[in-house]
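Have a look at the structure below, then the notes.
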Amino acid sequence: MLNYILKVVEIRKETNDTVTLCFKQPGLKKIKYLAGQYLTLIFRINGRRYIRPYTFSSCPGVDSYLEVTVKRVENGLVSNHINDMVNVGDSIEVMPPMGDFVYKTNPTIKDVYLWSLDSGITPLLSIAKYMLFTEIESHIYSIKNQYE
């Protein structure tokens with residue numbers, strides 16, 4: 001399994017503690033992924049190697065960039081590094097997409113409920129985009145966390 005080097009082409013500040021990193025697809029070997037999968041980012045910080053998975057917030061066939069959304073975690077070394085230090089033009093090493101939390105098309109399912117808490121919404125964003133793009137007959141509902 002070979003890793004990729006992706007270039008950051010845009011950084012969107014989503015909230016005061018959350019950013020979306022937008023990566024350009026590699027020129028020769030495109031990264032193929034499914035809505036709901038994650039991308040593992042690799043950083044060297046203070047001489048140590050850190051590996052962290054972040055779910056795609058983009059959707060294949062819908063978004064032009066590979067995107068991951070990262071919320072700052074209190075005392076989180078990597079999430080704080082991403083929010084504070086990563087810039088447009090930086091190159092980041094990533095592992096191939098992984099994960100089984102994906103939506104498989106099923107024509108008999110007409111109603112889908114998506115429920116998440118806090119930053120767990122990113123795989124659901126990707127899945128909702130996929131469904132809205134491909135599932136003409138489905139209805140998608142989101143459930144707000146009543147404890148917020």
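The values are calculated or read from the model by the stated rules, or taken from the named source; none is laboratory data. All values derive from a computational prediction rather than experimental measurement. No Cβ is skipped: glycine too gets one built from the backbone with ideal geometry, and neighbour counts run over all protein chains shown.
Entry remark, region 21-38: residues being touching a Lys or Arg at 6+ places or on another chain (Cβ under 8 Å) and surrounded by fewer than 18 Cβ atoms within 10 Å (Cβ to Cβ) number 1 in total. Annotation: of all residues in region 36-50 being more than 9 Å from the chain's Cα centre (by Cα) and in contact (Cβ under 8 Å) with a residue 40 or more places away in the chain, the one that is farthest from Ala128 (Cα to Cα) is Phe43.
The strands (runs of 3 or more DSSP E) found wholly in region 80-148 and carrying at least 1 residues that are under 19 Å from Lys32 (Cα atoms) and modelled with pLDDT of 80 or more occupy 91-94. Of the residues that make up region 39-57, is at least one of a type in the set (D, E, K, R), under 16 Å from Cys22 (Cα atoms), buried (at least 18 other Cβ atoms within 10 Å of the Cβ) and touching a helix residue (DSSP H, G or I) at 6+ places or on another chain (Cβ under 8 Å)? The answer is no, given that none of the residues of region 39-57 is of a type in the set (D, E, K, R), under 16 Å from Cys22 (Cα atoms), buried (at least 18 other Cβ atoms within 10 Å of the Cβ) and touching a helix residue (DSSP H, G or I) at 6+ places or on another chain (Cβ under 8 Å). The set of residues from region 35-51 being in a loop (DSSP other than H, G, I, E, B) and closer than 14 Å to Gln25 by Cβ is empty.
Across region 1-26, the number of residues qualifying as out of contact with any helix residue (DSSP H, G or I) (no Cβ under 6 Å at 6 or more places or on another chain), part of a strand (DSSP E or B) and under 17 Å from Asp63 (Cα atoms) comes to 12. Test Tyr54 against the stated conditions and say whether it is more than 14 Å from Ser91 (Cβ to Cβ), more than 17 Å from the chain's Cα centre (by Cα), outside any loop (DSSP other than H, G, I, E, B) and not small (Gly, Ala, Ser). Considered against the rule, which asks whether it is more than 14 Å from Ser91 (Cβ to Cβ), more than 17 Å from the chain's Cα centre (by Cα), outside any loop (DSSP other than H, G, I, E, B) and not small (Gly, Ala, Ser), Tyr54 comes out as no. Of the residues that make up region 58-67, is at least one surrounded by fewer than 20 Cβ atoms within 10 Å (Cβ to Cβ), under 17 Å from Ser91 (Cα atoms), acidic (Asp, Glu) and at pLDDT 95 or above? Within region 58-67, not a single residue is surrounded by fewer than 20 Cβ atoms within 10 Å (Cβ to Cβ), under 17 Å from Ser91 (Cα atoms), acidic (Asp, Glu) and at pLDDT 95 or above.
Has region 72-81 got at least one residue that is under 9 Å from the mean Cα position of the chain (by Cα) and closer than 26 Å to Ile31 by Cα? Checked region 72-81: no residue is under 9 Å from the mean Cα position of the chain (by Cα) and closer than 26 Å to Ile31 by Cα. Residues that are more than 20 Å from Gly99 (Cα to Cα) and not basic (Lys, Arg) do not occur anywhere in region 29-37.
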